[in-house]
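Colleague: Structure in structure tokens, see below.
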Amino acid sequence: IEERERIFGELNGRPGIQVFPSRANFILIKTPHPAGSVFDALYAEGVLVRDVSRYPLLNRALRVSIGKPDENTRFLSTLDRVLETLA
């Protein structure tokens, strides 16, 4: 729960990222770029998330599972690099 709240707070402060509240072991985010592009770039860096943008009303959405603190920190730093690259 602590990690989920930490990741929610960190993502909530990033420009262009919309974060949806969650009580599950994952967080849903919408990105400023096509979800497939963000997914591919994260995957190329060894970070796996779920592209859910094909579901109704979830355009540009990714589902991010909450992991261990070091895994979550790696996700956040990789996401920052990916978003900067795609900008």
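Colleague: Any residue at all in region 51-65 that is more than 11 Å from the chain's Cα centre (by Cα) and under 15 Å from Leu83 (Cβ atoms)?
Modeller: no
Colleague: Which pairs do you get when a residue that is without any contact (Cβ under 8 Å) to a residue 60 or more places away in the chain, found in region 70-85, comes within reach of a residue that is of a type in the set (Gly, Ala, Ser) and part of a helix (DSSP H, G or I), reach meaning Cβ atoms under 6 angstrom, with the pair 6+ apart or on two chains?
Modeller: Going by the 6 Å Cβ cut-off, the qualifying pairs are Val82/Ala41.
Colleague: Restricting the search to region 50-60, which residues are open to solvent by 30 Å² or more (accessible area, probe 1.4 Å) and either in a loop (DSSP other than H, G, I, E, B) or among the hydrophobic types (A, V, I, L, M, F, W, C) (or both)? Show your work before the answer.
Modeller: Keep residues of region 50-60 that are open to solvent by 30 Å² or more (accessible area, probe 1.4 Å), which gives 50-51, 53-60.
Scanning region 50-60 gives Ser53, Arg54, Tyr55, Pro56, Leu57, Leu58, Asn59, Arg60.
Colleague: Could I ask something else about it? Does any residue in region 37-48 that is in a helix (DSSP H, G or I) come within less than 7 Å, Cβ to Cβ, of a residue that is at pLDDT 95 or above and open to solvent by 30 Å² or more (accessible area, probe 1.4 Å) six or more places away or on a different chain, and which pairs are these?
Modeller: Cβ pairs passing all conditions: Phe39/Asp51.
Colleague: Could you please find all residues in region 61-76 being touching a strand residue (DSSP E or B) at 6+ places or on another chain (Cβ under 7 Å) and open to solvent by 80 Å² or more (accessible area, probe 1.4 Å)?
Modeller: The answer is none; no residue qualifies.
Colleague: Does region 1-32 hold any residues that are aromatic (Phe, Trp, Tyr) and either out of contact with any Leu (no Cβ under 7 Å at 6 or more places or on another chain) or part of a loop (DSSP other than H, G, I, E, B) (or both), and which are they?
Modeller: Applying the first criterion (aromatic (Phe, Trp, Tyr)) to region 1-32 yields 8, 20, 26.
Within region 1-32, Phe8, Phe26 qualify.
The values are calculated or read from the model by the stated rules, or taken from the named source; none is laboratory data. Every value quoted in this text rests on a predicted model; they were computed, and no experiment measured them. Positions of Cβ are generated from backbone atoms using ideal geometry, with glycine treated the same way; all protein chains shown enter the neighbour counts. Heavy atoms of the whole protein, side chains included, go into the accessibility calculation; ligands, DNA and RNA do not. Shrake-Rupley method; radii C 1.70, N 1.55, O 1.52, S 1.80 Å.
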